[in-house]
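To keep things clear, I will list the structure first and then write my remarks on it.
What follows is calculated from the coordinates using simple rules that are stated; it is not laboratory data. The shown structure was predicted, so the numbers you read here are calculated from the model rather than taken from an experiment. Don't worry about glycine lacking a Cβ; one is built from the backbone with ideal geometry, like all the others, and counts go over all protein chains shown.
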Amino acid sequence: MSDDTTDGRLRTKSWALRLDLFEEGDTTKVHAVLDTGDNTLESRTSSRRNPHDPPVPEVGDEYAAGRALVDLGQQLLRAGRTDAAADDPALHT
């Protein structure tokens, strides 16, 4: 997940993020996939409406999707720490 850009050239990459949301009753589930071109990270999360809250599906979507994005962010940070600590020259070219 790392590249050496010490030669001063601009490097551009596009990453693809897909969020699939599934609603069933008071539960929203999300399957998130981040494709970096080099790696693919996945997260599966959910949210459940509190029985005392009004039924607003968008709120469940936001919570479940937010949790999936936070999880993907944590996975990216772990991958970065692992790559930075690796003694593999291929990760630094």
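Here are some notes:
- D61-T40 FRET efficiency (beta carbon distance; Förster radius 22 Å; 0.05 resolution): 0.45
- For the chain, the longest principal axis of the C-alpha atoms and the axis of helix 57-85 are separated by about 20°.
- Percentage relative contact order, segment 20-87, counting C-alpha pairs under 8 Å, at least six apart: 28
- Legend: calculated FRET efficiency, H52 to R78, from the Cβ-Cβ distance at R0 = 41 Å, rounded to 0.05, equals 0.70.
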